[in-house]
Amino acid sequence: MSEIKDNMKESIEATAATKYDFDFWSGLIVQLLTLGSEMAMVFGGVVPYVPQYLQIKSKQTTQGFSLYVCLALLMANTLRIIFWFGNHFETPLLIQSILMNITMFALIHLCVTVNTKEFLVAEKKKGHYFTDFEPDHFWQWTDFTSYVEFIMCIAAMGSMLMYFLVDYSPFVETVGFMAVFTEAMLGVPQFYRNFKNKSTYGMSLPMVLMWTCGDVFKTSYFYLRNTPPQFFICGSLQVTVDLMILGQVWMYRQNTEKRKRSELSRAL
């Protein structure tokens, strides 16, 4: 009888040990997957702009890339940071917004350096600055400081409004919607530029492919993590715009090849 009890006790202990091991490893895997997805959210938004940055730096031209993409992302992420103070969404999304703003300023700095050199040499005119308050040259300034000053003004005004209206839910939710909707529209300037030129020359295809993959992942993340509804709705819209731009790559492929051959023969 005592042997049976001992065997049952050992069996129960073995089962408990096995269950503990299973719970431990399954919990560890879930934690690692969660950490991986959060890291992907933090850095995944920045990665697509690395090919575009390197392409502009190597070719020393911004043709095919719209600076209004940077404007859309800076506005979206600045508003998202402000929205966080009214509705504390997940920290990885907040960190992503900060890193994205830093990346956009780096890209703008490169574009301004390249464009200003071409402008001053070819046009031989005085530069344009934010403090000139010239609507015709909005976001076409010739110094990097002007872009920083504009975004800082937007951030200051937005922060002041959020401070006084943080307890007014409709205002807070509107800021959140504006943030993600603006980000969802970031591909529209590139889409319009391609449509206007009837070519995708100068646009980095790897950048758009990374946009699409990143936006599909991001939208899935929004859905699975139960983020505010604005995030998922506008993420879906963003994926749609990405697919439309990829459609332009195929539609304008012949014009793009002609432009590439023309630029190559001119260089020779």
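Here the convex hull built on the C-alpha positions of region 107-246 has a volume of 144 cubic angstrom per residue.
Work out the charge dipole of region 219-268 with +1 on the Cβ of Lys and Arg and -1 on the Cβ of Asp and Glu about the Cα centre, then indicate which of 244, 232, 262 is farthest towards its positive end. Ranked along the dipole, the leading option is 262. Please work out the Cα center distance from region 127-196 to region 49-63, rounded to the nearest Å. Between the Cα centre of region 127-196 and that of region 49-63, the gap is 23 Å.
Excluding residue 208 itself, what net charge comes from residues whose Cβ is under 11 Å from its Cβ, given Lys and Arg +1 and Asp and Glu -1? Can you show the working numbers first?
Details: positive: none; negative: 215, 242.
Residues near residue 208 contribute -2 overall.
All of the numbers you see were taken from the coordinates with simple rules; none came from a lab. Note that this is a predicted model, so its numbers are computed, not measured. Because the Cβ atoms are built from the backbone with ideal geometry, glycine has one as well, and the counts that use them run over all protein chains shown.
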